[in-house]
1. Can you work out the FRET efficiency for the pair residue A:578 and residue A:314, with r the C-beta to C-beta distance and R0 = 51 Å, to the nearest 0.05?
2. In segment B:11-106, if the dipole is taken from +1 on Lys/Arg beta carbons and -1 on Asp/Glu beta carbons about the Cα centre, which of B:44, B:72, B:86 is farthest to the positive end?
3. Taking a Cβ-Cβ separation under 4.7 Å as the criterion for a possible partner, which cysteines of the protein assembly as shown have none?
4. How much area per residue is accessible in segment A:244-338 when the probe is 1.4 Å and only protein heavy atoms are counted (Å²)?
5. Can you give the charge dipole size of segment B:11-106 about its Cα centre, rounded to the nearest 20 debye, using +1 on the beta carbon of Lys and Arg and -1 on the beta carbon of Asp and Glu?
6. Please compute the modelled spin-label separation between residue B:203 and residue A:327, points set 7 Å along Cα→Cβ, answer in nm with one decimal.
7. If you fit an axis through the alpha-carbon atoms of helix A:323-333 and take the longest principal axis of the Cα set of chain A, what angle between them do you get, 0 to 90°, nearest 10?
8. Keeping every protein chain present and rolling a 1.4 Å probe, give me the accessible area per residue for segment B:168-237 in Å².
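The values are calculated or read from the model by the stated rules, or taken from the named source; none is laboratory data. No experiment lies behind these values; they were computed from the predicted model shown. For neighbour counting, all protein chains shown are included, and Cβ atoms are generated from backbone atoms with ideal geometry for every residue, glycine included. Note: accessible area is taken over every heavy atom of the protein model, side chains too, but ligands, DNA and RNA are not part of it. Shrake-Rupley method; radii C 1.70, N 1.55, O 1.52, S 1.80 Å.
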Amino acid sequence: MAANNENGRVVGIDLGTTNSLVAYMEGSTPVVIPGVDGSNLVPSVVALDPVQADGGRPTVTVGNSARQALIETPERVIYSVKRLMGRSLAEARNEQKFFAFRIAEDSEEGPDSNEVPRVQLGELRFTPPEISAYVLRQLKRNAERFFGAPVTQAVITVPAYFNDAQRQATKDAGRMAGLDVLRLVNEPTAAALAYGLDRAKEGTIAVYDLGGGTFDISILKLRDGIFEVRSTNGDTHLGGDDIDNLLLTIALDEIFAEHGVDLRQHPSAVQAMRKAAIDAKIQLSYQPAASFDIELPNGDRYQREIPREVYEDLIQPILERTAGPCKQAMLDAGVLPEQIDEVVLVGGSTRIPAVQQLVENLFHLSARGKKPHTELNPDEVVALGAAVQADILAGSSKATEELLLLDVTPLSLGIEALGGTVAKIIQRNSTIPASATEHFTTGVDGQANVAIHVVQGERELAADCRSLARFDLKGIPPMSAGLPRIEVKFLIDADGILQVSAREQRSGKQAQIEVKPTYGLTDEQVENMILDSFDHAEEDFSKRLLIEARNEADTILSAVERAPRNPAWAQLTAEEKENIETAQTYLVSIKAGEDQNAIREATVALDQATRRFAELMMEAAVSTAIRGKTMETAGEEMGDEIQAPHPMARAEFK
Amino acid sequence: MTMSNAANIPQSATAAATVCWSCSASLKESALFCEQCGKIQPPSGGYFSVFGLEPRLNLDLGMLEHQFHKLSRKLHPDRFGRASEQEKEWSLASSSLLNDAYRTLKDPISRTRHLLRMHGAEIGEEFAGKDKKDPSRAPADLLEEVFELNMQLEELRMGDEDAGLKQSLSEARKKFVALQDEVDDQLRAEWAKWDEGAEFGNDAAREAAQKTMVALLDRRRYLSNLVREVTETLGDS
């Protein structure tokens, strides 16, 4: 069994925009590993803890416990960081339209700048891979706590339509978190693995994956345990967020038109309004109507009922945007809708009935008496599939020894030719690993360097594609123009990441090449950002678990100490306060001990005792924000951009 | 994007090893994997020897797929998740060679181009971008129609939205697609001649077939570029 392999377990990780999960294979079934709070989902939220009294470097909180900090210290919190992975500074600035975060002010901009954007949290700055590394480290710890043993190897999922830079950034994050990333797996492909595991399936399936921020469609052929991806397509800027933004914009415009109140001037009110919009969206998946009833700063009420028909008309243009990629994917795979045997739905947004209807139409399902598959929880299915792939990579497991995934590269790879056009050298939807060999020569006598620009994308002009890297073939022996023959090999590996090598053939010399990635961190930078150097030391493991348990206890204790200063405290009953104090005192007393399990249990108990307080605090913050009374400082810190869905949305609206 | 050492990258042009480096058994099923001792081989050989095939134009595609899956199971990097660095490197190089070979051989046109090039034929590049004008000239029998087509395309690009114009363009496209199918049939007929020539060492027959096919491929490329251009201009893929 892989589980008892001397190399330890390999876990599967879904590093999501909104939530992240870690799963493993228990025998022949993939299972999600819950966190300390018992929840399977770890919100992808990272908070920088308050400055330490002793001046030490602040610690970081991740997941559910980081949510509270969103209200207390929003300027020290970031969520949805996946949107920034592998992005340039200019692209990151563009993302600020969609969600709130601060870019470090000293960031340099320029046409040649390949600087990775850094996010300002409190007094410190972090690159997106570093922030993702904190989320990954939390998942790693959850798994280690669950197994009682170190976990150092993982499979991480990425959107199928992620480009080279985004994939590299994800791998970098894994390395910083102390994880050896054995493979990056595309999310829709992982979902197919989770669905295809339990039955010996044959045929052609489509995976429709509409998440919070990205859309992927993949078409696979299943045969004899081989999952062969035929085509993939998608949109890295299409998801449930777009629906939230639309509802929000409509509401804000109506409020301004009907009540003369410009809520856009109050960032925290915008965030609260967005929360109401998400609430309505979720309700409309299960009920025929939803409504807004919100008190405005001038005392008016904004009241609005949204019948499902109206809502569906509104969101139709957004949903329609998934149709194009689906049709292109079928065309590329050379299949007609009737030839798709099964359709699998993945991602929270596929809970919307109108999405399911669209999928039925796109793939002509109803006429054939078929329904899309929704048996597995759309929030968990990707992590479950990642666990299956982890088991395949670990080898020697009966459950998965017959399975093999053959994935493709989502985007064509090309090199910039004369006139700025692109010569494609590896077409999209080529099975990976894939390679191409190109020959280059010189244009001038004695020329010693040749510059090559590698791009990714489908457009004809290099300027319209994603720039991956520029490099120089150096040290070409002096020869007449056109005589040198430099062979460059481009290879896309099984993670979808490009490798390049070159040699001069006439002289037999290996041409020196230095690749400057257009965006991304250097090896040295990644090395310096590795979170814990002691992570690999197995002998320290139990000691580390104890230290972590104490740290978690300290985090919640310091939050509870600050609690009575919050207005929401007054709303608690005497009994509730007493329960909190009892749990607090108990945790303080047990914290100095050596029993990490007892410390953990006491921490969970205190967390549960304070749950209603946390909810009250949220509500208070939201309603006062609507009236524009408090949170001014928070508002200023966050800037006045539209804000993304509140990561608490899920918990709040159940 | 990362760099790797050029020395470790296999050259698909190099001759295939014929015996296993480990057990010296002869490599019949594939140049990349030894059936006898189960060892992965240093990647080498051309696309046909990857599949243990003689270089022929007529291929059993069902067998090719079966062999592709079989070899993928042996060579894919997922099978070497915890193997040594050397084996990982070979697996990456071998499986990319396998994938490149499968992609090239399963498509009849790319297979034909590949094999003829291996035998010294010069075949023009596929359409590779807007500014890369196809150097080949219109086949004589199509000159008139192509001239007419280009005029219509120009009108449409200038903003003429006339429905009759679109109708006529889409009919022209239908005709060119049919001509393309005709070329495919003619190509297939030549495959048999080429294969037979190769099988029995009849170089004259093989070269005659090759010459015909090079011309057919040029014609086909010209037609497919026309179809692509009409489709792009009509915007109705």
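1. Efficiency computed from Cβ-Cβ geometry: 0.55.
2. B:72
3. A:326, A:465 - these cysteines have no disulfide-compatible partner (Cβ-Cβ under 4.7 Å) in the protein assembly as shown.
4. Ligands and nucleic acids excluded, the figure is 47 Å² per residue.
5. In total the dipole reaches around 140 debye.
6. 5.4
7. Taking the Cα atoms of chain A, the angle to A:323-333 is about 40 degrees.
8. In whole numbers, segment B:168-237 has 52 Å² accessible per residue.
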